[in-house]
Amino acid sequence: MGLIRRLRTLFKANSETEENPELILNAYIEASSESLRELAVTVKRAQSEALNVQEKMTLVHAEMEAKRGKADAAAKESNPDAARKWLEQIHAQRLLYEQLQQESEQKARFADELSEKLKVLSEKVQTAKRLVEQYRLRYRHAGAVIAAGKALVPDRDSSAAFDQIQEDLFLAEAKAELARTRPYT
């Protein structure tokens, strides 16, 4: 008996969510906010890794310059073996520097891509929040019109119709994203 009541409650809640755009958008905002936090942390981590690699590059470059000075000093002292030894070490350091440079560029690109995704997701969440507020205002307005006994005559010009299409499209997108991220609801 309790199981059947629970199933009815779940199906009723699910159908209410499908019919109520505000509930759909609130669920989308909740799910996206968690993704937003995780993505923000990932962006900061990627930026930190890129800075660490750049710091290593600076250290390697400083070591190369110090060894170049030692190689020059050995050459001035007419010690070709010591100068060759320092130049070989500089060559090995240059290879390391080039690898670090490539790694730095990759990490910076990755951080930029993540930052862009963060920006897009943040904009979507803000759009959803604005739509929720619009739905709330419409609900209040409709209640006031009904309470006043007036018939609600929709004023649809082309821009209002376009806005409605955009809202419906965003709502459908939010439903699809919610279904993808929360298949159990």
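Normalised by 2.2 N^0.38 Å, where N is the number of residues, the C-alpha radius of gyration of the stretch 21-108 stands at 1.97. Based on the convex hull around the alpha carbon atoms, the stretch 21-181 presents an average projected area of 14.2 nm². Mean projected area of the Cα convex hull of the stretch 44-90, taken over all directions, amounts to 3.0 nm².
Can you give the FRET efficiency to the nearest 0.05 for Ala92 and Asp112, using r as the Cβ-Cβ distance and R₀ = 30 Å?
0.45
Here each label is just a point 7 Å from Cα along the line to Cβ, and for Asp168 and Ala75 those points are 7.6 nm apart.
Taken together, the values in this text are just the output of simple stated rules run on the coordinates, not laboratory data. Predicted model, so just to flag it, every value in this text is computed and none were measured. Glycine gets a Cβ as well: all are built from the backbone with ideal geometry, and neighbour counts include every protein chain shown.
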